[in-house]
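One structure is given below, encoded as structure tokens.
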Amino acid sequence: MTVIQALLAFSVAAALLTITPGLDTALVLRTAAVEGAKRAAFAAVGIVAGCLAWGAAVALGLGVLLEASTLAFNILKWAGAAYLVWLGIGLILKPRDRFDLAAAPTTQAGGDFAWMRRGFLTNLLNPKVGVFYVSFLPQFLPQGAPAGLFIFLLAALHGVMGLLWFAALIAATRPIAGALQRAPVVRWLDRLTGGVFLAFGVRLALERR
């Protein structure tokens, strides 16, 4: 896989992951609806900062392991493949019927920057983000590319996509929130995302170093 191929493949997968509703989406939508666009923007920046923190930690750790140890690479490969396949099958067989905006907090003491802290901690304290990055990012590593640097580049690209998506959420809070609470839309997104995860999990299992 060349660098261009890796970036294109990751962009498709990450874009789908970005628009699939989760806790981060709920936080931004609820903040926009209740607290206003400005505070929602601060929350979005905090969420992306959390993603970059996870990306830096994963890139640093994986960069050392993947460059130094074939055994570590193989363990990570199989664990990541199993995790992605498990996620994919779960989303395909049991997609959600609704996306609950009430799961996100609607009040926060302090000023606007308190919402940035809220977004940052919401993301940083979610271990699923770290587990997913560990499982997902290494399979887009091109042959010969520096592992740590390229993995962080992918995390940064995901962060940019997140900012663009959150901007769209804030600009069109009501129609997007309404669409994401329709059962057919949520089920379709979950199954589509599950199919992508399943495909990448199988691909990762068959990938050779």
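The values are calculated or read from the model by the stated rules, or taken from the named source; none is laboratory data. From a predicted model like this one, the values you see are computed outputs, not experimental measurements. No Cβ is skipped: glycine too gets one built from the backbone with ideal geometry, and neighbour counts run over all protein chains shown.
Per-structure values
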read-out: Yes/no for Ala9 being at pLDDT 80 or above and among the hydrophobic types (A, V, I, L, M, F, W, C); value: yes
read-out: Members of region 20-35 found to be charged (D, E, K, R) and within 23 Å of Arg191 (Cα to Cα), listed by number; value: Asp24
read-out: Residue in region 134-146 that is out of contact with any Phe, Trp or Tyr (no Cβ under 8 Å at 6 or more places or on another chain) and without any contact (Cβ under 8 Å) to a residue 40 or more places away in the chain present; value: yes
read-out: Enumeration of residues in region 111-126 that are in contact with a helix residue (DSSP H, G or I) (Cβ under 8 Å, 6 or more places away or on another chain) and at pLDDT below 75; value: Asp112, Asn126
read-out: Condition met for Gly88 (over 15 Å from Ile151 (Cα atoms) and at pLDDT 75 or above); value: yes
read-out: Whichever residue in region 21-64 is closer than 17 Å to Gly178 by Cβ and surrounded by fewer than 20 Cβ atoms within 10 Å (Cβ to Cβ) and, among such residues, is modelled with the highest pLDDT; value: Ala33
